[in-house]
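Working notes, structure below.
Bear in mind these aren't lab numbers, they're just calculated from the coordinates by the rules spelled out. Just so it is clear, the structure is predicted and the values come from calculations on it, not from any experiment. When we count neighbours, we look across all protein chains shown, and the Cβ atoms used for this are built from the backbone with ideal geometry, even at glycine.
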Amino acid sequence: MGKKSIIVIGGGIGGLSAGIYAQMNGYDAIIFEKNDFTGGLAACWKRKNFLIDGGIHFITGFKPGCSLYNVFSEVGVQNLEYIDTEVYARFVDETSNRSIDVSTDLNKFQRDLNSLFPRDKKVIKQFIKGIKGMSKSDISDFGFRRPAELMKLTDWVKELWRVRKSLRWFVGKSLKSVREYVNQIHDPMLKEFLLYMFLPDVPIAFLYMILSFVVQGQMGLLKNGSSDFVSALEKRYLDLGGKIKYDSKVTEIIVEENKAVGIKLEDESQAKAEYIISACDGYMTIYSMLHGEYTDESIEERYKEWDIVRPLIVISYGIDMEFNKERWLTLYKSNENIKVGDEDDNLVTIRCFNYSPSFAPEGKTVVQVMFETNWEYWSELSENRVKYKKEKKQLASETLVWLEKRFPGISDNVEVSDVATPYTYWRYTLNNKASYMGFYPTTETIFKSVKKTLPGLDNFFMAGQWSLSTGGVLSSIYSGRHVVQLLCSKENKLFIAESS
Ligand SMILES: Cc1cc2nc3c(=O)[nH]c(=O)nc-3n(C[C@H](O)[C@H](O)[C@H](O)COP(=O)(O)OP(=O)(O)OC[C@H]3O[C@@H](n4cnc5c(N)ncnc54)[C@H](O)[C@@H]3O)c2cc1C
């Protein structure tokens, strides 16, 4: 009997992962990707001699000793060059002229926090205890080993037992949002530091988890950028016999008798397969490609009520200067506002690519500034190309003025500048409102299970950042694994996962 065919829509991390596991399990997969390259949000591009990385900031679980590493070995990214960081990030409060480094040495981190914020020693002690508690178990793939649909009560009991030493840091008070948690803090800088270390409305348990990766040395940077990660996934998929059709935008999923049987492309051509996996935007898949015909209350609620992670505007400069003393990531709570779109912003995130020669020629550096911004503003503005381009240029020059005050000499040494707006991210990936992580992981939604199938529709699955309660690299990789686990279960086959 020949292999069963699968069409995967979208060649981002989620689609490539689905393709890899499909090939591993004896299916014949073909990815239809609208661009002439894979990777989606995990994108890099060249500007003169500089490599601009507009994607993944950090990778967790990249070393042996952590369960995630096994999955990395399966999808072929285990041997990439990752860079360890001694300091995860720096937070600078310009108003009080103080700064704090998030160190991988937890004792040092606690000492630094105590000396900066003596009135908050009690909260600091509790916060550090949370990080230590979370570090006691291998939580890197907690709840991810199998899709929620296949988890039986006994599986959950096993999972909970496995992470039992960290369990108390997942429940009770640890489910408070960071925004609520910081109410007990006296020092305004400490409040803001915790609020903006990740996202302000995630549960405090999320910060414990991220920082537990940091102290375990499991938080690394991609030496050769996001494109290296994507190339390794693509290679693994192609080596397993997978196929990719580039420049192939899917417009519709063909359904016959409530069974997904194929796709229609923008050029009106069609392709058929036994199974269809959509690994592109969830809203577009459900409400446009499938005309909203396969939904239920929980799907409607998710797409109407759940918040999504706001988009970013990313301004990159290729600079003829070295920045040896800068951290790779610094968050400035600035004492000056910068006008970004229709908002005044004073939270300036700077990513400094001084940790690898891959991004710039010797003696030069890529410095990137990021802001959260409004999708609606940039999407409307993009309709008037002249105004849109002018505003991009204006923002790049105002941001440079801000940088010049902190890094004198920078503006005379800029060789290239590049602005990627939410509209840019949308144009390349079609993600709803240019969200770069999908649903916002709030205290209400983070532990909700999201099904990877749609009610009433057979032979169809969803992968990628919209197919879980929140996105990111790991969610997307696991989503691809999950859909093939579901497929194997549907066909009563043993799921196979082999290391490369
Ligand atoms: C600046 C930035 C920093 C980030 N940092 C981190 C980080 O540090 N850690 C982390 O875990 N995550 C991070 N992320 C998030 C992470 O990169 C994404 O969540 C992840 O890459 C999403 O992958 P995906 O495959 O689900 O979706 P996408 O990357 O959006 O892939 C979807 C693919 O589908 C294609 N497509 C869309 N529509 C169609 C269609 N109609 N027909 C055919 N093809 C189509 C798109 O072209 C794209 O290739 C970051 C993202 C950004 C932008």
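Which value, in debye to the nearest 20, gives the size of the charge dipole of the chain about its Cα centre, when Lys and Arg are +1 and Asp and Glu are -1 at the Cβ?
1640
Return 405, 245, 452 ranked ascending by Cβ neighbour count within 10 Å, so the fewest neighbours appear first.
Ascending number of Cβ neighbours within 10 Å: 405, 245, 452.
What FRET efficiency comes out for residue 356 versus residue 492 if R0 is 60 angstrom and r is the Cβ-Cβ distance? Round to the nearest 0.05.
Calculated value: 0.80.
Quick check: convex hull of the Cα atoms in the stretch 312-432, volume per residue, rounded to a whole Å³?
112
Using a Förster distance of 25 angstrom, determine the FRET efficiency expected from the C-beta separation of residue 320 and residue 380, and round it to 0.05.
Efficiency, from the Cβ-Cβ distance: 0.10.
Let me know the charge dipole size of the stretch 312-432 about its Cα centre in debye, to the nearest 20, where only the beta-carbon of Lys, Arg (+1) and Asp, Glu (-1) is charged.
140
Please report 33, 74, 94 as a ranked list, fewest other C-beta atoms within 10 angstrom at the top and most at the bottom.
The fewest-first ordering by Cβ neighbours comes to 94, 74, 33.
Mind jotting down the distance between the C-alpha centroids of the stretch 137-203 and the stretch 442-478, whole Å?
Each part reduced to its Cα centre gives a spacing of 18 Å.
For residue 298 and residue 97, compute 0.36 nm times the residue count separating them, minus their Cα-Cα distance, and round to one decimal in nm.
Using 0.36 nm per residue and subtracting the Cα-Cα distance, I get 67.6 nm.
Under a Cβ-Cβ cut-off of 15 Å, what is the net charge of the residues other than residue 385 that fall near it, where Lys and Arg count +1 and Asp and Glu count -1?
Charge balance in the 15 Å sphere: +3.
At residue 451 and residue 335, where each label point lies 7 Å from the Cα along Cα→Cβ, what is the point-to-point distance in nanometres?
Output for this residue pair reads 5.6 nm.
In percent, how large is the relative contact order of the stretch 312-432, given Cα pairs closer than 8 Å and 6 or more residues apart?
This gives 35 percent for the stretch 312-432.
Relative contact order of the chain: what whole-number percent is it, with Cα pairs under 8 angstrom and at least 6 residues apart?
Taking the mean separation of contacting Cα pairs over the length of the chain, I get 24 percent.
I need the phi-derived Karplus couplings for the stretch 225-238: 6.51 cos²θ - 1.76 cosθ + 1.60, θ = phi - 60°, integer Hz, Gly and Pro marked x.
x, 4, 5, 5, 5, 5, 4, 5, 5, 4, 4, 4, 5, 5
Quick one: compute the contact order of the stretch 316-357, relative version, from alpha carbon pairs under 8 angstrom and 6+ residues apart, as a percent.
Taking the mean separation of contacting Cα pairs over the length of the stretch 316-357, I get 43 percent.
How about the stretch 259-344: which GluC sites (Glu not before Pro) there are in a DSSP loop, with at most 10 other Cβ atoms within 10 Å of their Cβ?
Loop-located and lightly packed - 268.
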